[in-house]
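The numbers here are math on the coordinates, done by the rules we state, and not lab data. Since the model is a prediction, treat every value here as computed from it, not as a measurement. Quick reminder, even Gly has a Cβ in these numbers, built from the backbone with ideal geometry, and neighbours come from all protein chains shown.
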Amino acid sequence: MRLAPEQCKREALRYLPQRFGVPIEVLDRFHYLWSGGAIWLTTVPLELIPQHRAVLRVGLRALRKVPNGWKPTTPLLQLLDSHIVRHRIALTEEQWRQLLAGQPIDCVREQLPTEGWSPGYVALALGGIVVGCGYFNGRLLAHQLSKVRATELAEAFGLTSVAEGAEDDE
């Protein structure tokens, strides 16, 4: 599968407003391209990007293709932080510790504000700032952080062992 830049933009402008409530005007400022099984986002006009194998990265990996659609990367969610108004959840430090220890959070038992949410990827926040990507299955919430990012956060929370993380999210 390989998507043309117009298809990449169309997919991003469909998914991100629908799932996260990000305004199209915000997303329209960027250029989109396909590389390595993912949609990348850049501010560089596409005609200025050399089509040479030596160019490894231009911009930010935004959406990875997964079997059930698109998975947003943590850097994308952090970039769009202030524009994410849907499927965003603020967790306490204790809830973050639980997630990083590999234990999903039961949103019903914890009375987290997930009413009306559909299963899928969510933006996980701490102190009002998006820290990473999670997955909500309709009741349980788990992190989708890379092993590196999960280890960094676990160390920040003073945890010694970290449960398996998601594939590379950066």
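Loop only by DSSP, 16 or fewer other Cβ within 10 Å of the Cβ. Give me the trypsin sites (Lys or Arg not before Pro) in the range 53-143 that pass, ordered by residue number. Write down the numbers at each step before the final one.
Details: sites: R53, R57, R61, R64, K65, R86, R88, R97, R109, R139; in loops: R53, R57, R86, R109, R139.
Passing both the DSSP loop test and the Cβ count: R53, R57, R86, R109, R139.
Can you give the translational diffusion coefficient of the range 9-112 in µm²/s, computed by Stokes-Einstein from the Kirkwood radius over Cα pairs at 10 °C and 1.306 mPa s? Result for D is 102 µm²/s. Of the two radii for the range 87-156, the radius of gyration is 0.93 times the Kirkwood radius, both from the alpha carbons; that is the Rg over Rh value.
Each residue of the range 8-14 was assigned a 3J(HN,Hα) from its phi angle through the Karplus curve 6.51 cos²θ - 1.76 cosθ + 1.60 (θ = phi - 60°); the sequence is 4, 5, 4, 5, 5, 6, 8 Hz, with glycine and proline shown as x. Across the chain, the relative contact order, built from alpha-carbon pairs under 8 Å that are at least six residues apart, equals 17 percent.
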